[in-house]
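Novice: Can you keep this structure in mind? I'll have questions shortly.
The values are calculated or read from the model by the stated rules, or taken from the named source; none is laboratory data. Just so we're clear, the structure is a prediction, and the values are computed from it rather than from any experiment. Quick reminder, even Gly has a Cβ in these numbers, built from the backbone with ideal geometry, and neighbours come from all protein chains shown. Areas reflect the complete protein model, heavy atoms only, side chains present, ligands, DNA and RNA absent. Shrake-Rupley method; radii C 1.70, N 1.55, O 1.52, S 1.80 Å.
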Number of protein chains: 2
Amino acid sequence: MKNKVLLAIADGLGDRPCEVLGWKTPLEFAKKPNLNRLAANGSSGIMDLYKAGVPVGTDLGHMLLFGYTIDDYPGRGPIEAFGEGLEMQPGDIAFRSNFATLDDEMNVVDRRAGRIREGTDALAASLNGLKIDDVEVLFKEATEHRAVLVLRGKGLSAEITDTDPKKENLPVKLSLPKDASAAAKKTADILNRVLVEAKRILTGHPLNAERVASGLLPANGILTRGAGQMPLLDKIAEKMGYQASCVAAETTVLGVARLSGYRSVTHPSFTGNIDTDVFKKAHLAVDELKHSDLVVLHFKATDLMGHDNNPLGKVEAVEKYDAMVGKVLELIAEEQESITKDGEPCNIILALAADHSTPCERREHSGDPVPVVISGHNIRKDGIDTYDETNASKGGLGRIKAAEFISTLLDYLEVTEKQGN
Amino acid sequence: MKNKVLLAIADGLGDRPCEVLGWKTPLEFAKKPNLNRLAANGSSGIMDLYKAGVPVGTDLGHMLLFGYTIDDYPGRGPIEAFGEGLEMQPGDIAFRSNFATLDDEMNVVDRRAGRIREGTDALAASLNGLKIDDVEVLFKEATEHRAVLVLRGKGLSAEITDTDPKKENLPVKLSLPKDASAAAKKTADILNRVLVEAKRILTGHPLNAERVASGLLPANGILTRGAGQMPLLDKIAEKMGYQASCVAAETTVLGVARLSGYRSVTHPSFTGNIDTDVFKKAHLAVDELKHSDLVVLHFKATDLMGHDNNPLGKVEAVEKYDAMVGKVLELIAEEQESITKDGEPCNIILALAADHSTPCERREHSGDPVPVVISGHNIRKDGIDTYDETNASKGGLGRIKAAEFISTLLDYLEVTEKQGN
């Protein structure tokens, strides 16, 4: 019988013992019957995403979990662009961008254009498709005042400075080349001309006239930071020949998924926080399993609680994650007949992982390893029946790297290439 | 007291839980008192041959177990040539070859020359030693209609196409260079001339006249595929300075052993299957221990049962393997006085390993790790007293790579080089 894999990822799950939890970790403290059930039915282990003791971001953590190496990391800009649905091509330059309020002399009045939330799609559309010389401008709104800018053309470079002065009442900074290359000079020049042109177009946009009439600050300019160039990077799922999906709220995770050639699935009821609709998530993930070989189901709130140093909140988040996994198990049992592979019944392997630890005491990502599980009838039973950092460390998978973890999952899909004969 | 090592390898041993075995693995299910006894008297672990989740072939698996890296892998042709007893030199080109029946115009009548089984040694001898310009032809019969062809000379290349058309009633294909190098052109030309010359010599061979008179198809031609060039590769046992032997049935394993500078020991009672004479194997292995520092004792049937998706057969194979190891223990106890090192009594360490997993459900090699044991009075006791995939994963060796495993064994032989001072 062929296998399919559903991998649930709890963002920032790993933690350290917390005083308020009687020196237990949130995962040790939480009630989590479904996560424990998965541990009992397979093999556990602890995983270093990159290296022991080296923290990674959510973007790189997911890239490593999806089978890329650290050398493949294209920087934040390109990943955010993918996250916002801009399909980047090798050589493209992506920038994180803000709508801002500028005065007539390009001084920054408000870096966030009065925290504009509505109409940014129309404003972005007015800039998208602009051409400056031979360079095409792609522009897409993101959450609130944020947006993504992409420059597409020959001979561009990310080695240029930011235009965001980071404070109000300062002029927009001219982008400058950071090296002597013609590409950096060209890119900085084009970017500066984009900012001027954006100011002209946005100032004339009827939506800004309405905002001014209503006493709101106009979103009449853009600021940029964090240039990153899209490398030559295979879509890993396409290259290795499997169908994959990712169900998530967070743009960064959706961006990594798109960059990897995964179908990205999201829904307005996904908040990326503790109030997200975990049952909807479970439903969509099990739906994806009907046509995909590998489905990643991402849950964010555990990470946020770590950043907030909120151990009890993290316990609650873990319990919500457990409920989501329980729903997945229920739905798989109910819908088993419609989950097939090449028209045949198939076996479903469930896996648990995290993209990094976010210990409450640290309020930031750490290099602590994260607990993982691979679970199913046909997975070796190692006698570990509890899913937490310490029990996992005694499991049959041992201490592994993210590359080994994903390679093991892909081997169940039979897409890894045999070496030798 | 100095140490010697006997390493037993059960091919394709690792597996996954099987429904017919009550969701145990064949190794978990089998009665294996001798394997358990070794586990109890030493340290266990799980081993990735190359990388977690990446399957390897028997040839590469054994090369890694013998201390080579994946970059040393010369391809199947050279390993088969060594397996058939053709001692290859760096630069030689090896081909997998068939005796075939050809008509007068070099069309293939039968790719296997009527599945010829007898007299191929005489036919091969008639081709062996042929010279075409400055290139020497080595030719050796293998099982049934199979043979190995080696071209030896300066400036040869493996970048040439196959001559086997893969179907009957097609002409023998002319070998063509795959690149623009002079070496590829030369090698393809020589090979084409070898085929014509072989046709002439074999057609005139009295054995073929007899075959035709008996109404059998003559073996009057050869076909080739899978060119591989022998790299510059040290015989690892010679380079590191130890005496090693390998007792096996399978040509591939014997080939890796010869390539590694091991004495290769086989016997007509070794079938490479469940009916092999395991007691004879044990006897020959213990005999080798009298003059070798490291003896590898290979058992094949476990792999075949995995390929056949035969969990109960694999249980039987494991029990036969266990009996072989039991016989080894018995013989070592009996013959202890004649097993010496530099004329002194020595200690014998027993080790257990596998070259890869072949899960029944997969019917192919997988990247699941394999259980290993290192056992002896002087080996750390880790409290694991059962030899199977899951118990091994809790053992004192942890999760290691084949390179670490063989290096640990060689360190007991005191042939590894101290680094630093």
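Novice: Take the residues in region B:19-28 that are closer than 13 Å to B:Asn310 by Cα and over 27 Å from the mean Cα position of the chain (by Cα); name whichever of them is nearest to the other protein chains (Cβ to nearest Cβ).
Specialist: Of everything passing the filter in region B:19-28, B:Glu19 is nearest to the other protein chains (Cβ to nearest Cβ).
Novice: Which residues, taken from region A:380-421, are of a type in the set (Asp, Glu), at the interface with another protein chain (Cβ under 7 Å from one of its Cβ atoms) and outside any loop (DSSP other than H, G, I, E, B)?
Specialist: A:Glu404, A:Asp411, listed by residue number.
Novice: Just one of the numbered conditions (1) in contact (Cβ under 8 Å) with a residue 60 or more places away in the chain; (2) part of a helix (DSSP H, G or I) is not true of A:Glu210; which one?
Specialist: The one condition A:Glu210 does not meet is (1).
Novice: Which condition number does B:Val296 fail, the rest of (1) touching a residue at least 24 places away in the same chain (Cβ under 8 Å); (2) more than 22 Å from B:Gly12 (Cα to Cα) being met?
Specialist: (2)
Novice: Looking for something open to solvent by less than 30 Å² (accessible area, probe 1.4 Å), in contact with a strand residue (DSSP E or B) (Cβ under 8 Å, 6 or more places away or on another chain) and in a loop (DSSP other than H, G, I, E, B) - is there at least one such residue anywhere in region A:192-200?
Specialist: Scanning region A:192-200 turns up no residue that is open to solvent by less than 30 Å² (accessible area, probe 1.4 Å), in contact with a strand residue (DSSP E or B) (Cβ under 8 Å, 6 or more places away or on another chain) and in a loop (DSSP other than H, G, I, E, B).
Novice: With respect to A:Ser407, is the statement that it is small (Gly, Ala, Ser) and under 26 Å from A:Leu304 (Cβ atoms) true?
Specialist: Values: small (Gly, Ala, Ser): yes; under 26 Å from A:Leu304 (Cβ atoms): no.
No: the conditions fail for A:Ser407.
Novice: OK, next. Taking region B:375-421 as the region of interest, how many residues are polar (S, T, N, Q) and surrounded by fewer than 16 Cβ atoms within 10 Å (Cβ to Cβ)?
Specialist: Number of matching residues: 5.
Novice: Let me ask something else. Among the candidates B:Arg16, B:Arg37, B:Arg76, single out the residue that is closer than 23 Å to B:Pro369 by Cβ and either open to solvent by less than 30 Å² (accessible area, probe 1.4 Å) or within 13 Å of another protein chain (Cβ to nearest Cβ) (or both).
Specialist: On the way: B:Arg37 fails: either open to solvent by less than 30 Å² (accessible area, probe 1.4 Å) or within 13 Å of another protein chain (Cβ to nearest Cβ) (or both); B:Arg76 fails: closer than 23 Å to B:Pro369 by Cβ.
B:Arg16 is the lone residue from the list that is closer than 23 Å to B:Pro369 by Cβ and either open to solvent by less than 30 Å² (accessible area, probe 1.4 Å) or within 13 Å of another protein chain (Cβ to nearest Cβ) (or both).
Novice: Ok, one more. Count, please, the residues in region A:153-173 that happen to be in contact (Cβ under 8 Å) with a residue 60 or more places away in the chain, more than 12 Å from A:Arg111 (Cβ to Cβ) and of a type in the set (Val, Ile, Thr).
Specialist: Of the residues in region A:153-173, 1 are in contact (Cβ under 8 Å) with a residue 60 or more places away in the chain, more than 12 Å from A:Arg111 (Cβ to Cβ) and of a type in the set (Val, Ile, Thr).
Novice: Need a quick list: strands (runs of 3 or more DSSP E) entirely within region B:57-169 having at least 2 residues that are within 26 Å of B:Leu254 (Cβ to Cβ) and at pLDDT 95 or above.
Specialist: Working: elements: B:93-102, B:108-110, B:135-141, B:146-152.
By residue number, B:93-102, B:135-141, B:146-152.
Novice: I would also like to ask the following. Tell me which of these B:Ile46 doesn't satisfy, since it passes every other one: (1) part of a helix (DSSP H, G or I); (2) within 11 Å of chain A (Cβ to nearest Cβ).
Specialist: Here B:Ile46 clears every test but (1).
Novice: Does at least one position in region B:51-69 carry a residue that is in contact with a strand residue (DSSP E or B) (Cβ under 7 Å, 6 or more places away or on another chain), within 11 Å of chain A (Cβ to nearest Cβ) and open to solvent by 30 Å² or more (accessible area, probe 1.4 Å)?
Specialist: No, region B:51-69 has no match at all.
Novice: When region B:104-120 is examined, which residues are found to be closer than 17 Å to B:Asp164 by Cα and either of a type outside the set (A, V, I, L, M) or free of Cβ contacts under 8 Å to residues at least 24 places away in the same chain (or both)?
Specialist: Residues satisfying the conditions are B:Asp104, B:Glu105, B:Asn107, B:Asp110, B:Arg111, B:Arg112, B:Gly114, B:Arg115.
Novice: Next question, about the same structure. Restricting attention to region A:84-122, report how many residues are open to solvent by less than 10 Å² (accessible area, probe 1.4 Å), touching a Leu at 6+ places or on another chain (Cβ under 6 Å) and within 19 Å of A:Ser214 (Cβ to Cβ).
Specialist: The qualifying residues number 3.
Novice: Looking at B:Asp48, B:Asp92, B:Asp71, can you tell me which residue is acidic (Asp, Glu), within 24 Å of B:Ile384 (Cβ to Cβ) and more than 15 Å from the chain's Cα centre (by Cα)?
Specialist: On the way: B:Asp92 fails: within 24 Å of B:Ile384 (Cβ to Cβ); B:Asp71 fails: within 24 Å of B:Ile384 (Cβ to Cβ).
Among B:Asp48, B:Asp92, B:Asp71, only B:Asp48 is acidic (Asp, Glu), within 24 Å of B:Ile384 (Cβ to Cβ) and more than 15 Å from the chain's Cα centre (by Cα).
Novice: Can you name every residue in region A:335-346 that is open to solvent by 20 Å² or more (accessible area, probe 1.4 Å) and not in a helix (DSSP H, G or I)? Before the answer, list the steps.
Specialist: First pass over region A:335-346, keeping only residues open to solvent by 20 Å² or more (accessible area, probe 1.4 Å): A:335-338, A:340-345.
Correct list: A:Thr340, A:Lys341, A:Asp342, A:Gly343, A:Glu344, A:Pro345.
Novice: Does region A:170-183 hold any residues that are open to solvent by 40 Å² or more (accessible area, probe 1.4 Å), assigned to a loop (DSSP other than H, G, I, E, B) and of a type in the set (A, V, I, L, M, F, W, C), and which are they?
Specialist: Matches in region A:170-183: A:Leu170, A:Leu174, A:Leu176, A:Ala180.
Novice: Further question on the same structure: Among the residues of region A:355-374, write down those that are within 14 Å of chain B (Cβ to nearest Cβ) and either assigned to a loop (DSSP other than H, G, I, E, B) or surrounded by fewer than 23 Cβ atoms within 10 Å (Cβ to Cβ) (or both).
Specialist: Passing the criteria: only A:Pro369.
Novice: Now for a separate question. Those residues that are of a type in the set (S, T, N, Q) and touching a residue at least 60 places away in the same chain (Cβ under 8 Å), I need them from region B:394-415; list them, please. Before you say what the answer is, go through the steps one by one.
Specialist: Of the residues in region B:394-415, the ones of a type in the set (S, T, N, Q) are B:407-408.
Selection gives B:Ser407 alone.
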